[in-house]
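Here is the structure we will look at.
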Amino acid sequence: MTTDDAAAAELARLRAEAEAAEAALKAAQAKAALAAAEAAAAKAQATDATGPAPAPDTRESATPQASAPQPESAATEPTPAAPAAPAPPESAAPAATEPAPAAAEPAAQGEASGPLDATQVQAIVDGYTFEAATLDLGALVNTDPVPQAQIRIPLAMMNRHGLVAGATGTGKTRTLQGLAEQLAAKGVPVFAADIKGDLSGMATPGESSDKLRSRTQGIGQDWKPEAFPVEYLALGGVGKGVPVRATVSGFGPLLLSKVLGLNQTQESSLGLVFHYADQAGLALVDLSDLRAVLTYLTSDEGKDELKGIGGLSAATAGVILRELITFADAGADVFFGEPEFAVTDFLRTDASGRGIISLLEVPGVIDKPELFSTFLMYLLAELFEILPEVGDADKPKLVFFFDEAHLLFRGASKDFLAAITQTVRLIRSKGVGVFFVTQTPKDVPSDVLGQLGSRVQHALRAFTPDDAKALKATVGTYPRSGYDLERVLQELGTGEAIVTVMSEKGAPTPVAWTRLRAPQGLMSPTPDPQIVAAVKASPLLATYGTAIDRESARELLAKKMDAAAAAHAADEAAKAQAKADAEAAKAQAAADKAAAAAQRKAQAEYERLMRKTGGTTRTSRKAAKSPLEEILGSRTTQTILGGVIRGIFGTGRR
């Protein structure tokens, strides 16, 4: 059997099981509803009270409630199981005609008409009743919402981390928005990456509608529009927000290796380069600084220092350098530089005490998903390094929503995963809660998943055998409950989720099918002019708005290279001068030698002539002159005689 045949067979089997389970569920719901209706009728007759509305009227009122469409922006699609199940008039009438949250009768009949019995519903109510402050997630769904069974999470447990998962379009972003708004209202700062740009709507009051009112009243939510304090940030200034930058030194070799896609050998080699720069006092501010260091280490001037680092080959350094050049040419160099963003600026509240929601604008860098996800990890690591220990506090100092978390873990090295696991495990004692937002729990490594105390699981799809396997694995991670989770997880409507959180005692709460609350802010992007005005008014703009280019590794190495080049040129000039002087001295010596030889030759010739003309003596004595010769040879006599001769022959000048 081929792989395609096996997949088709598996799909057929799953489809048959789903149809059988659906039929069984419908039958069970019908029987439970009929029993509840008969009991209610008997009670009404016994107490001589007014009976329920006639069956036809009840069907008319119940059916619209069960199937009424909800606004998509509020994540309000009803669960597919509700319209599929038969709606007996006797059980549906009170729920349709008395939607008030305080009514006990609708709750009891809702309990009877769903997969949970009254005891199980009460256990869930008890499990989500807490003494301290809480965040409200929504209302229990037992075929229909049960407003009296509110699902909550203790505020103090938000630093025990959590997971928001679900397929695309199931309402994860609205869940994130609702949690962020409630945290801000309770004075807890929030950080989140705005993947699609629509989280910016938290700064603008929401818009009411009949559908929204119907949904919120059905789950017992007293909805009202409200705006929340938002700080807009932009990675590297690519966007409208306040620029967020990091230095290469602060980013570190581990995170940078993840971004560059280096293997473990190259990752360790990059760590040696960072170590060398630190020891040499070379500040790595931006990518050009790191490129300068690598260029220097692979040059003739720096190759000796490269050998001294140990274990770093010139070939590996060359690979890293090429990856850096490609990375920078793609525009990533704008994310690194100064001033470096101080993560303590996330921990701010406004004048009224509400926590400020810091939104990192992502659409401008969505084509570099690994960069932005790794950048989020850098911010989290900075928080872990800087913040002091606070232990178990009444509320967290910051809640960090890590959207598109699967991008962080994909292709990560063992060292990188170990660093993430350690950070998540230990940062809760710093008062920081981390919520990973992704599509399926299997996107998160088991070591990290084991650290997450709360889970909000939206609908999962099982279109392929791999999806079906992932679904079963997800079901196996939940505590036992009265739900057929493998079925329910596929039937959840938009804005519904399976929830379990960590109680105040540190134990998991019962699994609850929950229809989540609608956010109070706008569930679409805030208009651009409003965002631009907010950024201009931000107190952070003066600090981070303008990039700074101070002296760093690139400039220091350039000076060092220039000084080395100048020294080399001077040395070459000295060598050339010495060579010229040597050649001149050699030429002078040759000239002196030639002159001496000529002198000797002339002397020899002179002596030969003297010997030939004057005897064998080297010199001859002059004969003594007579008095007459002396008179005639004197200068005076010669002058007189010259004058006489010129006078006689007429040669004198007249």
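The values are calculated or read from the model by the stated rules, or taken from the named source; none is laboratory data. In this text, all values refer to a predicted model and were calculated from it rather than measured experimentally. Counting neighbours? That spans all protein chains shown, and the Cβs are built from the backbone with ideal geometry, glycine included. Surface areas here come from the heavy atoms of the whole protein model, side chains and all, with no ligands, DNA or RNA. Shrake-Rupley method; radii C 1.70, N 1.55, O 1.52, S 1.80 Å.
Report D for the range 221-352 in µm² per second (integer): Stokes-Einstein, Kirkwood Rh on Cα pairs, 20 °C, 1.002 mPa s. Translational diffusion coefficient: 128 µm²/s.
The fraction of accessible area contributed by carbon and sulfur in the range 237-296 is 50 percent, rounded to a whole number (1.4 Å probe; ligands and nucleic acids excluded).
Only lysines eight or more places from Lys172 in sequence, or on another chain, were considered; those with a Cα closer than 25 Å are Lys186, Lys196, Lys211, Lys224, Lys240, Lys368, Lys395, Lys397, Lys442, Lys469, Lys472. Across all Cα atoms of the range 366-464, the radius of gyration (one decimal) and Dmax (whole number) stand at 14.0, 47 Å. For a straight C-alpha distance cut-off of 18 angstrom, the lysines reachable from Lys601 (same-chain residues fewer than eight places away being disregarded) are Lys593, Lys612. Phi-derived couplings, Karplus 6.51 cos²θ - 1.76 cosθ + 1.60 at θ = phi - 60°, listed residue by residue for the range 321-336: 5, 5, 5, 5, 4, 4, 4, 5, 5, 7, x, 6, 5, 6, 7, 10 Hz, with x used for Gly and Pro. For Val248, the shell of other residues with beta-carbons less than 9 Å away shows a net charge of -2, using +1 for Lys and Arg and -1 for Asp and Glu.
Label-to-label distance for Asp415 and Gln603 is 8.2 nm, based on points extended 7 Å past Cα in the beta-carbon direction.
The mean sequence separation of alpha-carbon pairs under 8 Å and at least six residues apart, normalised by the residue count of the range 275-384, gives a relative contact order of 20 percent. For the range 173-211 versus the range 471-545, the spacing of their alpha-carbon centroids is 10 Å.
Note that the range 238-352 presents 40 Å² accessible area per residue, ligands and nucleic acids not counted, probe 1.4 Å.
With a 1.4 Å probe and all protein chains left in place, how much accessible area per residue does the range 364-443 have, in Å²?
On the way: 3050 Å² over 80 residues.
Ligands and nucleic acids excluded, the figure is 38 Å² per residue.
Which of the trypsin sites (Lys or Arg not before Pro) across the range 419-506 are loop residues per DSSP, with 16 or fewer other Cβ within 10 Å?
Values: sites: Arg425, Arg428, Lys430, Lys442, Arg455, Arg461, Lys469, Lys472, Arg480, Arg487, Lys505; in loops: Arg461, Arg480, Lys505.
Passing both the DSSP loop test and the Cβ count: Arg480, Lys505.
Its Kirkwood hydrodynamic radius, worked out from the mean inverse distance over all distinct Cα pairs, puts the range 286-415 at 18.1 Å. Centroid-to-centroid, using Cα positions, the range 359-434 and the range 219-233 are 25 Å apart.
Other residues with beta-carbon under 11 Å from the beta-carbon of Val362 carry, at +1 per Lys or Arg and -1 per Asp or Glu, a net charge of -3. Hey, with R₀ at 35 Å, roughly what FRET efficiency would Ser524 and Asp117 work out to, going by the Cβ-Cβ distance, to 0.05? Efficiency for this residue pair is about 0.30. Per-atom-type breakdown for the range 323-399 gives carbon and sulfur 52% of the accessible area (1.4 Å probe, protein chains only).
Subtracting the Cα-Cα distance of Thr639 and Thr265 from 0.36 nm times their residue separation leaves 123.7 nm of extension gain. Of the chymotrypsin sites (Phe, Trp or Tyr not before Pro) found in the range 388-489, those that fall in a DSSP loop while having at most 13 other beta-carbon atoms within 10 Å are Phe463.
How large is the accessible surface per residue of the range 149-220, computed with a 1.4 Å probe and reported in Å² as a whole number? Don't skip to the answer; put the middle values down first.
On the way: 1920 Å² over 72 residues.
Averaged over the residues of the range 149-220, the accessible area is 27 Å².
Counting Lys and Arg as +1 and Asp and Glu as -1 over every other residue whose Cβ lies under 12 Å from the Cβ of Leu233, the net charge comes to -2.
Evaluated over the Cα positions of the range 466-561, the convex hull gives a direction-averaged projected area, one quarter of its surface, of 15.0 nm². Within straight-line reach of Lys258, meaning a Cα separation under 15 Å, sit the following aspartates and glutamates at least 8 residues removed in sequence or on another chain: Glu267, Glu323, Glu370, Asp415.
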